[in-house]
Amino acid sequence: MREEIRPPLLSRMPNWTWVTIDIVVAVFFAAAFVGLATSRNTSAPETIDYAAALATSLPIAVRRFWPRAVFAIVLIGGLGMRAFLIPHADPLCLPLALYTLAARRNALLALLAAVAVGGQGVVELPLTANVRDQLGLVVAILVASWAVGTAVRQRRLYTERLAVHAEDRARAEAVEERLRIARELHDVIGHSLGTIAVQAGVAGHLGKTQDMSRTLASIEETSRSALRETRRLLGVLREDDETELTPAPGLADLETLVERTRAAGLEVGLAINGKVEGEMELTVYRIVQEALTNVLKHAEARHVRVWIERQEGGLIVEVTDDGTRGQARPYGHGLTGLRERVHIFGGEFEAGARPLRGFRVMARLPL
């Protein structure tokens, strides 16, 4: 059973919860500031004191919706806090508004404005040690609020970009996998149907029952082999992890491939010198398979030579024929797919007509 991936606890809280918390905080600060304005004035409090107390605190309730407007109002309200706060600057609401703004956008200028407003409420002449300590405390609180908000904003941007990058990468991998499966299906179905078509044509001109039976038996084996490989490829697309997949064809299956091609009336010589392991085995098999398919379909050849040799610098795979239509051979999806396969391994691929007659397909794969 797969473990469910859930976002952090704070991310799962609905927006109305955070808004409710902001409203409670704003009301609490408003009551506290109004109380301080009343108690710190020996005479009757002035209207501007109450206005400053409310302007500094109440906008916090909507800081998530209009961060710039809230910061501006709280900043202006901070200018009137000097009369009843100790130290004479707002160390709570203004830093909170600055944090909210910095978490949404670049707020360096807002930091400078907040430091200026906070500093004017603290600075007194002469600059005593107590005044310097208060100024340092206010500046430190504001800078810390700005720094935390900036870090949160950068973290959000990083997470968003990471998600976009992961989505693009997953899409690219899906496209690459579809292309790989398309190449596999092309190689399997193209070769098998081409062989079947040639064998069926031959069977139609055979008069001997024994030769016809042998040709039809080859058609049956080719069809079954194509079905097995098609099922293997389609099994990759299934979501069931327990699906049993048949192994991919390799060098050991080349002899069977050659026999099927010979049954179609083409004389094939196979020479293998060296061993290959891993995914490159499938690539070698597909190169030979596609080359033989093209010979059957287009070359009008009688002889084909398949040569595979492992050298010190790499693996050489070469398929040549003596067909009469080498110059007119088409470069279809098959050869394009082979070129892509070889380039995945960092190899070289060549395909073209031979000088006198026939066609040559050559791949050099680094080991």
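Residues of segment 268-289 being of a type in the set (K, R) and buried (at least 21 other Cβ atoms within 10 Å of the Cβ), which ones? Walk me through it before giving the result.
The initial filter retains those residues of segment 268-289 that are of a type in the set (K, R), namely 275, 286.
Hit for segment 268-289 is R286, nothing else.
Is it the case, given these coordinates, that T56 is of a type in the set (S, T, Y) and more than 41 Å from the chain's Cα centre (by Cα)? Lay out the reasoning, then the answer.
Working: of a type in the set (S, T, Y): yes; more than 41 Å from the chain's Cα centre (by Cα): yes.
So T56 fits the description; yes.
In segment 117-160, what count of residues is obtained for those that are assigned to a helix (DSSP H, G or I) and either surrounded by fewer than 13 Cβ atoms within 10 Å (Cβ to Cβ) or not assigned by TED's automatic domain parsing to the domain that holds R64 (or both)? Steps first, please.
Step one: of segment 117-160, the residues assigned to a helix (DSSP H, G or I) are 117-122, 129-160.
In the following step, the residues that additionally are either surrounded by fewer than 13 Cβ atoms within 10 Å (Cβ to Cβ) or not assigned by TED's automatic domain parsing to the domain that holds R64 (or both) were identified as 129-130, 132-133, 136, 140, 151, 154-160.
Summing the residues that are assigned to a helix (DSSP H, G or I) and either surrounded by fewer than 13 Cβ atoms within 10 Å (Cβ to Cβ) or not assigned by TED's automatic domain parsing to the domain that holds R64 (or both) in segment 117-160 gives 14.
May I ask you to list the residues in segment 258-294 that are in a helix (DSSP H, G or I), at pLDDT 85 or above and of a type in the set (A, V, I, L, M, F, W, C)?
Within segment 258-294, V258, V284, I287, V288, A291, L292 qualify.
Of the numbered conditions (1) at pLDDT 85 or above; (2) in contact with a strand residue (DSSP E or B) (Cβ under 7 Å, 6 or more places away or on another chain); (3) outside any strand (DSSP E or B), L335 fails exactly one; give the number of that condition.
If we test L335 against (1) at pLDDT 85 or above; (2) in contact with a strand residue (DSSP E or B) (Cβ under 7 Å, 6 or more places away or on another chain); (3) outside any strand (DSSP E or B), just (1) comes out false.
Matching residues to (1) modelled with pLDDT under 75; (2) assigned to a helix (DSSP H, G or I); (3) closer than 28 Å to Q154 by Cβ; (4) touching a Lys or Arg at 6+ places or on another chain (Cβ under 8 Å):
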residue: I21; (1), (2), (3), (4): no, yes, yes, no
residue: V24; (1), (2), (3), (4): no, yes, no, no
residue: F33; (1), (2), (3), (4): no, yes, no, no
residue: T38; (1), (2), (3), (4): no, yes, no, no
residue: A55; (1), (2), (3), (4): no, yes, no, no
residue: V70; (1), (2), (3), (4): no, yes, yes, yes
residue: I73; (1), (2), (3), (4): no, yes, yes, no
residue: Y99; (1), (2), (3), (4): no, yes, yes, no
residue: R105; (1), (2), (3), (4): no, no, yes, yes
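If I filter segment 330-341 for residues that are surrounded by fewer than 18 Cβ atoms within 10 Å (Cβ to Cβ), within 38 Å of the chain's Cα centre (by Cα) and among the acidic types (D, E), do I get at least one hit?
yes
The values are calculated or read from the model by the stated rules, or taken from the named source; none is laboratory data. This is a predicted model, so every value here is computed, not measured. Using ideal geometry, Cβ is built from the backbone for each residue, glycine included, and neighbour counts are taken over all protein chains shown.
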